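Participant: First, the structure itself, so that you have it in front of you.
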Amino acid sequence: MSRSQSTNVEGKVYSSSAMPVLLFRQLRPKQWTKNLLVFAALIFSFPNVNTEMLIRSVVAFFLFSFVSGCVYILNDFVDREADRQHPKKRYRPMASGALNPYVALVFGAILLVCSLALATYLEPRFGLVLFVYFVMNVAYSFRLKHVVIVDVMIIALGFVFRALGGGLVIEVPVTPWFFICTLLLALFLAISKRRHELILLENNMGSHRKVLDKYSKDLLNQLNSIVTTATIMSYGLFTFTSGRTQYLMATIPFVIYGIFRYLYLIHIEDKGGSPEEVLLKDKHILFTVILYALSVIIILKYFS
């Protein structure tokens, strides 16, 4: 075997030339769709958007993706032995043996430092938000994901940090109503995720999270009912009191349909465990998001 090759736990030989691909896979790019929320502040800044703001938003998107990827690296490094016993997780780069765990850890540390340094250079407050986001996610991965209610709150706050960071990096203030709407919508997604996991567990199809023992389907349904109502009402108030044109009220039907569609997927098709997959696989949700974003841009550009 040449120096450029290594062997995984199953005896398969991997070439070191595949290292960049393995490191990229370790960052879990399929999860990056969550970070599209950093563009929310940019969309609501029309028609005052310029090239610099666009570039900053794109950079912020990748920085959030890299930092969240560093959390995945740390999490997979610690859990690599347990993951090898899991029917799906055993194929992850570190668990399969395709990627040297210590190489991944060093790569993650370098990527984290560089990402935080660049974020701080762009906007010191953005760098602080990204650092807190990293610490919060590490705390979630190793402890807070086992604490009932707190676990969904942390997931929701992750989305809020993305929206807040997207505003800070382009120096656009995030209004209280925008903050509330983001938090409530994120809670809706987080609660829906837990409900999906609970359904899978009841059908003996999902991995067991300790925190699921403290939830019930009725409780999660009730929480979702509260959050859904609050989200629609808050967004409606936001369109009238945001200080922008009241024509934004025309986007309310998109928000209502998107939430109703997601509820349909949760209750009828037993989906909703992975918002990023729903966004990419459900055409109704995808088209609704696209039409919503285009509507906001057109309204702010031509009717404000």
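The values are calculated or read from the model by the stated rules, or taken from the named source; none is laboratory data. Keep in mind that this is a model prediction, so the values were computed, not measured. Reconstructed Cβ throughout: ideal geometry from the backbone, glycine too, with neighbour counts over all protein chains shown. The accessibility values were calculated without ligands, DNA or RNA, using every heavy atom of the protein model including side chains. Shrake-Rupley method; radii C 1.70, N 1.55, O 1.52, S 1.80 Å.
Participant: Taking region 110-160 on its own, how many of its residues are under 15 Å from the mean Cα position of the chain (by Cα) and over 27 Å from Leu23 (Cβ atoms)?
Facilitator: 6
Participant: What pairs come out if I take residues in region 36-61 that are under 25 Å from Leu279 (Cα atoms) and pair them with residues that are of a type in the set (D, E, K, R) whose C-beta lies under 6 Å away, six or more apart or interchain?
Facilitator: Taking only residues 6 or more apart or on different chains, the pairs are Leu37/Arg162; Val38/Arg162; Phe46/Lys301.
Participant: Contact list please: Cβ distance under 8 Å, first residue in region 267-283 and farther than 16 Å from Leu200 by Cα, second residue in a loop (DSSP other than H, G, I, E, B), pairs at least six apart or on different chains.
Facilitator: From residues that are farther than 16 Å from Leu200 by Cα, the pairs are Val278/Lys271; Val278/Gly272; Asp282/Lys271.
Participant: For region 167-179, give me each residue that is among the hydrophobic types (A, V, I, L, M, F, W, C), surrounded by fewer than 20 Cβ atoms within 10 Å (Cβ to Cβ) and over 17 Å from the mean Cα position of the chain (by Cα). Before the answer, list the steps.
Facilitator: Keep residues of region 167-179 that are among the hydrophobic types (A, V, I, L, M, F, W, C), which gives 168-170, 172, 174, 177-179.
From what is left, the residues that are surrounded by fewer than 20 Cβ atoms within 10 Å (Cβ to Cβ) are 172, 174, 177, 179.
Val172, Val174, Trp177 - these are the residues of region 167-179 that are among the hydrophobic types (A, V, I, L, M, F, W, C), surrounded by fewer than 20 Cβ atoms within 10 Å (Cβ to Cβ) and over 17 Å from the mean Cα position of the chain (by Cα).
Participant: Those residues that are assigned to a helix (DSSP H, G or I) and of a type in the set (Ser, Thr, Tyr), I need them from region 214-254; list them, please. Working first, answer last.
Facilitator: Step one: list which residues in region 214-254 are assigned to a helix (DSSP H, G or I), which gives 214, 217-241, 246-254.
Matches in region 214-254: Ser225, Thr228, Thr229, Thr231, Ser234, Tyr235, Thr239, Thr241, Tyr247, Thr251.
Participant: Residues in region 101-109: is at least one hydrophobic (A, V, I, L, M, F, W, C) and open to solvent by less than 50 Å² (accessible area, probe 1.4 Å)? Write out each step before concluding.
Facilitator: The initial filter retains those residues of region 101-109 that are hydrophobic (A, V, I, L, M, F, W, C), namely 103-107, 109.
So of that shortlist, the ones also open to solvent by less than 50 Å² (accessible area, probe 1.4 Å) come out as 104.
Yes, region 101-109 has at least one match.
Participant: Going residue by residue through region 58-76, is there one that turns out to be open to solvent by 70 Å² or more (accessible area, probe 1.4 Å), under 14 Å from the mean Cα position of the chain (by Cα) and closer than 24 Å to Val113 by Cα?
Facilitator: yes
Participant: Then there is this: How many residues does region 130-144 hold that are more than 21 Å from Phe66 (Cβ to Cβ) and either buried (at least 17 other Cβ atoms within 10 Å of the Cβ) or of a type outside the set (Lys, Arg) (or both)?
Facilitator: Filtering region 130-144 down to residues more than 21 Å from Phe66 (Cβ to Cβ) leaves 143-144.
Remaining after also requiring either buried (at least 17 other Cβ atoms within 10 Å of the Cβ) or of a type outside the set (Lys, Arg) (or both): 144.
Final tally of qualifying residues: 1.
Residues checked against (1) outside the structural domain of Pro20 (by the TED database); (2) among the aliphatic types (A, V, I, L, M); (3) closer than 28 Å to Arg162 by Cα; (4) not in a loop (DSSP other than H, G, I, E, B):
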{"residue": "Glu81", "(1), (2), (3), (4)": "no, no, no, yes"}
{"residue": "Ala104", "(1), (2), (3), (4)": "no, yes, yes, yes"}
{"residue": "Ile110", "(1), (2), (3), (4)": "no, yes, yes, yes"}
{"residue": "Val113", "(1), (2), (3), (4)": "no, yes, yes, yes"}
{"residue": "Phe126", "(1), (2), (3), (4)": "no, no, yes, yes"}
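Participant: Going through region 255-280 one residue at a time, which ones are among the charged types (D, E, K, R) and in a helix (DSSP H, G or I)? Show your work before the answer.
Facilitator: Just the residues of region 255-280 that are among the charged types (D, E, K, R), to begin with: 261, 269-271, 276-277.
Those that are among the charged types (D, E, K, R) and in a helix (DSSP H, G or I): Arg261, Glu276, Glu277.
Participant: Another question, if that's okay. Just give me the residues in region 217-244 being open to solvent by 50 Å² or more (accessible area, probe 1.4 Å), free of Cβ contacts under 8 Å to residues at least 24 places away in the same chain and not aromatic (Phe, Trp, Tyr), in sequence order. It would help to see each step written out before you state the result.
Facilitator: First, the residues of region 217-244 that are open to solvent by 50 Å² or more (accessible area, probe 1.4 Å): 217-219, 222, 225-226, 229, 233, 237, 240-241, 243-244.
Of the ones still in play, those that are also free of Cβ contacts under 8 Å to residues at least 24 places away in the same chain are 217-219, 222, 225-226, 229, 233, 240.
Result: Lys217, Asp218, Leu219, Gln222, Ser225, Ile226, Thr229, Met233.
Participant: Let me ask something else. Does at least one position in region 240-247 carry a residue that is modelled with pLDDT of 90 or more and out of contact with any strand residue (DSSP E or B) (no Cβ under 8 Å at 6 or more places or on another chain)? Give the derivation first.
Facilitator: Looking only at region 240-247, we keep the residues that are modelled with pLDDT of 90 or more, and these are 247.
Cutting the leftovers down to out of contact with any strand residue (DSSP E or B) (no Cβ under 8 Å at 6 or more places or on another chain) gives us 247.
Yes - at least one qualifying residue is present in region 240-247.
Participant: Here's a follow-up. Return a yes/no flag: does region 44-54 have any residue that is touching a helix residue (DSSP H, G or I) at 6+ places or on another chain (Cβ under 9 Å), at pLDDT 85 or above, of a type in the set (D, E, K, R) and in the same structural domain as Asn137 (by the TED database).
Facilitator: Among the residues of region 44-54, not one is touching a helix residue (DSSP H, G or I) at 6+ places or on another chain (Cβ under 9 Å), at pLDDT 85 or above, of a type in the set (D, E, K, R) and in the same structural domain as Asn137 (by the TED database), which makes the answer no.
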